[in-house]
1. Once phi is turned into θ = phi - 60°, what whole-Hz ³J(HN,Hα) does the Karplus curve with 6.51, -1.76 and 1.60 give for every residue of region 238-248, x standing for Gly and Pro?
2. To the nearest 0.05, how large is the calculated FRET efficiency for S70 and H220 if R₀ is 25 Å and r is the Cβ-Cβ distance?
3. Would you mind calculating the relative contact order of region 91-156 from Cα pairs under 8 angstrom and at least 6 residues apart, reporting the percent as a whole number?
4. Report the Rg/Rh value for region 150-248, based on alpha-carbon coordinates and the Kirkwood definition of Rh.
5. By how many nm would the segment from R54 to E188 grow when fully extended, if each residue of separation counts as 0.36 nm and the alpha-carbon distance is taken off?
Amino acid sequence: MPSTRLGRRSFIGLLAGAFAGAVGVMLYGSRVFERPSPYSAEMAETIQAVSSPRTSGAVSVEEALAKRRSVREYADSPLTSEEVMQLLWAAQGITLPQYGFRTAPSAGGTYPLEIYMVTRSSGVEGLEAGIYHYEPRDHRLVERIRGDFSAQLMAAALNQEWVGAAPANFVITAIFERTTRKYGDRGERYVWQETGHAAQNVYLQAVALGLGNVVIGAFHDAEVQRLLGLPDFEKPAYVIPIGRLKTR
């Protein structure tokens, strides 16, 4: 009998804890997930939506890890919109919609990262040259600024020629306050760790798609920030040129 009473109390406590935790996740998670865009609705001239991301493929995780390399030369051919969206999903896509969980782990589910794509003319099939923002919740790209800014991005990245040659560049940015408001100064470390998680996801997905990419950390922060039209509190963390493998 004592063990039965203890079991009942434990069971009731477990239910109460689970309920409180679920409420906490819903409240805190929704606050993070429903964050306002740093851009006004008027700036989103065009919305590009494609099919749902794939969650299975012919390349195993082990094979992708074995073949992962930094690639700095790309064929002069465009990416498809499906390839681009699959890469974006790999970086920050939603994997559990009811909680907003993503492909890359995030400390406390704070999700400080944003993903932009800078594509040159004829860089992505069906897309105009421009700067786009990825919105994970709806798995879509929203056009922010139209025009070919690949040369300016290359200049901001210390004239690394593969930035200008790639049909598309992803730019990962971070809003540190989303994480530091919960974890204080240590939250900055968590943001950098999360950036690495997202970038490795892009690497592995690129291998699975037969594409190449390289991560770049050498760039003038202020110039990239200005080019993308970022607010002061949003900082660039990575530039990632992506393209089709060049045959020799």
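FYI, it's all coordinate maths here, none of it is from the lab. Nothing here was measured: the structure is a model prediction, and the numbers come from that model. Glycine also receives a Cβ, built like all others from the backbone with ideal geometry; neighbour counts cover every protein chain displayed.
1. These are the phi-based 3J(HN,Hα) values: 8, 10, 10, x, 9, x, 6, 4, 8, 7, 9 Hz.
2. 0.75
3. Working: 98 pairs, mean separation 17.0, N = 66.
Relative contact order here is 26 percent.
4. On the way: Rg = 14.6 Å, Rh = 14.4 Å.
Computed over Cα atoms, the ratio is 1.01.
5. On the way: separation 134, 0.36 × 134 = 48.24 nm, distance 3.18 nm.
Length difference between fully extended and current span is 45.1 nm.
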